[in-house]
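Take a look at the structure set out below.
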Amino acid sequence: MSILIKNGKVVTVEKEYIADIYIEKETISDIGLNINKNADKIINASGKLVIPGGIDAHTHLDMPLGNISTSDDFETGTKAAAFGGTTTIIDFATPSKGMRLQEAFEIWQRKAEGKSCIDYGFHMIIIELNNEILAEMDSLVNVGITSFKLFMAYPNVLMVDDQTILKAILKTADNGSLICLHAEDGIKIDENVKDALRKNKTSPIYHALTRPPSTEAKAISRVINLVEKTKVPVYIVHVSSFDSLERIMMARDSGIHIFAETCPHYLFLSIDDLNRPNFEGAKYVLSPPLREKWHQEKLWDGLKRNYLQVVSTDHCSFNFKGQKDIGKNDFSKIPNGGPGIENRMELLFDGGVNQGRISLRRWVEITSTAPAKIFGIYPRKGTIAVGSDADVVIWDSQYGHTISSNLHHMAVDYSMYEGLNVTGCADTVISRGRILIENKRWLDIRGGGQYLKRQPFNLNGSILV
Ligand code: URP
Ligand code: ZN
Ligand code: ZN
């Protein structure tokens with residue numbers, strides 16, 4: 001199939017220009033003015049933006065947690081992602097205790113294969129590290145899993161100690177992968193939680209109050225101390241607060257290669273949401289928790305100035321009814337996580353570009369190009385260029401709408417952004433040359449997404465400042 005996209009305004013990190021784009025099969029094969037070639041399909045993008053498909057580098061689809069699983073699987077989650085203008089995800093494969101990483105990889109392959117309608121890669125979570133697992137890290141790099149997540153929170157379940165983190169970081173120096181860290185002081189948080197419950201403080205707000213910004217910032221300082229000695233790059237996932245950002249800023253200014261992402265919920269929501277009546281605060285229980293509102297502007301500023309390089313969703317959806325309410329009488333039992341895979345691009349476009357906080361090009365960078373570079377899929381993904389995959393989104397920057405769970409495509413019974421008005425939305429979405437969405441309507445496509453064998457981390461190819 002060939003597609004000719006006419007007269008759109010192409011936006012990449014490097015430039016904005018009016019052009020036609022010609023797609024043959026799965027690839028962009030020509031870009032220029034007045035391309036005059038036959039095409040099976042011609043799309044008029046006049047008055048619209050043409051951007052590289054979004055890349056959400058942090059999702060949890062079909063993820064088990066105790067006796068339940070996230071409400072979105074690879075079918076519903078990736079369809080919703082596409083509606084929001086995202087054409088690639090990197091999901092977290094999660095082994096259970098004693099499981100080989102290879103087995104977790106195969107389990108996640110089976111979850112995604114045939115179901116995902118967009119391309120997908122995996123990070124691998126590491127919850128224990130022995131010699132076999134260290135060796136497995138090498139084998140996984142060879143099959144395209146080039147990043148690993150370690151937790152400094154959730155003692156006895158996921159948490160590893162600093163020695164383990166250091167071992168893993170040193171391993172990445174050998175095999176070219178990247179360690180991603182969930183930086184929260186799990187020991188201190190556990191003490192706080194026990195103390196709160198002893199005092200009968202059981203409502204959702206205590207999720208945030210027992211995980212204050214200092215617990216995140218101190219964990220980040222520990223990471224910085226480790227990498228300061230090793231000089232090996234690391235990536236901090238879901239940065240929520242200025243306290244943490246400040247430490248990252250200082251580290252980056254001193255030449256340490258620390259990369260970091262934040263998430264839309266930290267830019268748009270606040271700790272006040274955890275105080276919503278009728279247990280609705282549970283909808284906003286995720287970790288690290290939402291912070292006081294003033295942190296938001298600081299995080300936007302960090303994005304603008306490249307102290308934060310990426311915005312991912314940490315999409316981890318649990319229904320309010322039947323899942324979040326497991327913690328009705330005890331906030332510590334509320335499944336952590338929130339939905340957002342569908343909303344990332346529009347939220348950042350409206351809150352970022354429309355509100356004048358970031359430029360159009362920076363929007364493309366933090367939602368697509370930077371994650372592609374950091375996670376080893378650039379320039380196949382993350383840009384509009386001849387030879388790149390035809391992951392192209394035609395963006396209607398004028399389209400105003402109200403976010404609501406009544407309208408969204410995520411398989412979850414609430415939206416964290418219910419009632420928020422935004423302008424800008426994906427109009428037509430093309431994933432490796434297949435049109436998934438045209439004029440904001442789904443084209444009855446199922447599956448078709450492919451596993452992405454990612455390249456090792458390349459510091460020079462990444463976002464160095
Ligand atoms: O609360 C969250 N973020 N749940 C998802 C798991 C994680 O830590 O990323
Ligand atoms: Zn995490
Ligand atoms: Zn996560």
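The values are calculated or read from the model by the stated rules, or taken from the named source; none is laboratory data. This is a predicted model, so every value here is computed, not measured. Here Cβ is always computed from backbone atoms with ideal geometry, including for glycine, and neighbour counts include all displayed protein chains. Just so you know, the surface numbers come from the protein's heavy atoms only, side chains and all, with ligands and any DNA or RNA stripped out. Shrake-Rupley method; radii C 1.70, N 1.55, O 1.52, S 1.80 Å.
Taking the Cα centre of the chain as the origin, how large is its charge dipole in debye, to the nearest 20, when only Lys and Arg (+1) and Asp and Glu (-1) carry charge on their Cβ atoms?
With Lys and Arg at +1 and Asp and Glu at -1, about 320 debye.
Using only Cα atoms, tell me the angle between helix 162-175 and the longest principal axis of the chain; keep it within 0 to 90° and round to the nearest 10.
30 degrees
Give me, ordered by chain and number, the residues 5 or more places off residue 308 or on other chains with an amide H under 5 Å from its own placed amide H.
Amide H to amide H, under 5 Å and 5 or more residues apart or across chains, residue 308 pairs with 303.
Could you pull out every one of the aspartates and glutamates with an alpha carbon less than 19 Å from that of residue 199, ignoring same-chain neighbours closer than 8 positions?
Cα-Cα hits under 19 Å: 190, 191, 330.
In whole percent, and with a 1.4 Å probe on the protein chains, what portion of the accessible area of the range 1-121 is carbon and sulfur?
Result for the range 1-121: 46 percent of the exposed heavy-atom area is carbon or sulfur.
With each run of n ≥ 4 DSSP H residues scored as -39500 (n - 2.57), what mean residue ellipticity at 222 nm is computed for the chain after dividing by its residue count and rounding to the nearest 500 deg cm²/dmol?
-8000 deg cm²/dmol
At 0.36 nm per residue, minus the direct Cα-Cα distance, what do residue 444 and residue 200 gain on full extension? Give it in nm, one decimal, please.
That pair, residue 444 and residue 200, stretches by 82.8 nm at full extension.
About its Cα centre, how strong a charge dipole does the range 1-145 have in debye, to the nearest 20, once Lys and Arg get +1 and Asp and Glu get -1 at the Cβ?
It comes to approximately 620 debye.
5 Å is the cut-off here: which amide hydrogens, built 1.01 Å from N in the peptide plane, fall below it relative to residue 236, excluding neighbours closer than 5 in sequence?
181, 259, 260, 261
Cα axis of helix 186-198 to longest principal axis of the chain: angle in degrees, 0 to 90, nearest 10?
Between the helix axis and the principal axis of the chain, the angle is about 60 degrees.
Let me know the charge dipole size of the range 142-277 about its Cα centre in debye, to the nearest 20, where only the beta-carbon of Lys, Arg (+1) and Asp, Glu (-1) is charged.
Using Cβ point charges on Lys, Arg, Asp and Glu, the range 142-277 gives about 240 debye.
Counting only heavy atoms of the protein chains, get the accessible area per residue of the chain (1.4 Å probe) and round it to a whole Å² value.
37 Å²
May I ask for the angle, rounded to the nearest 10°, between helix 242-253 and the longest principal axis of the chain, with both axes built from Cα atoms and the value confined to 0 to 90°?
70 degrees
Could you tally up the Lys pairs in the range 289-412 with alpha carbons closer than 24 Å? Skip any pair fewer than 8 positions apart unless they're on separate chains.
Eligible lysine pairs with Cα atoms under 24 Å apart amount to 7.
Which aspartates and glutamates have a Cα lying under 12 Å from the Cα of residue 149, excluding residues fewer than 8 positions away in the same chain?
91, 128
Can you tell me how much longer the chain between residue 354 and residue 328 gets when fully stretched, taken as 0.36 nm per residue apart minus their C-alpha distance, in nm with one decimal?
In short, 5.5 nm is gained.
Among 408, 455, 424, which residue has its Cα positioned farthest towards the positive end of the charge dipole of the range 367-465, with +1 placed on the Cβ of Lys and Arg, -1 on the Cβ of Asp and Glu, and the dipole taken about the Cα centre?
Going by the Cα projections, it comes out as 455.
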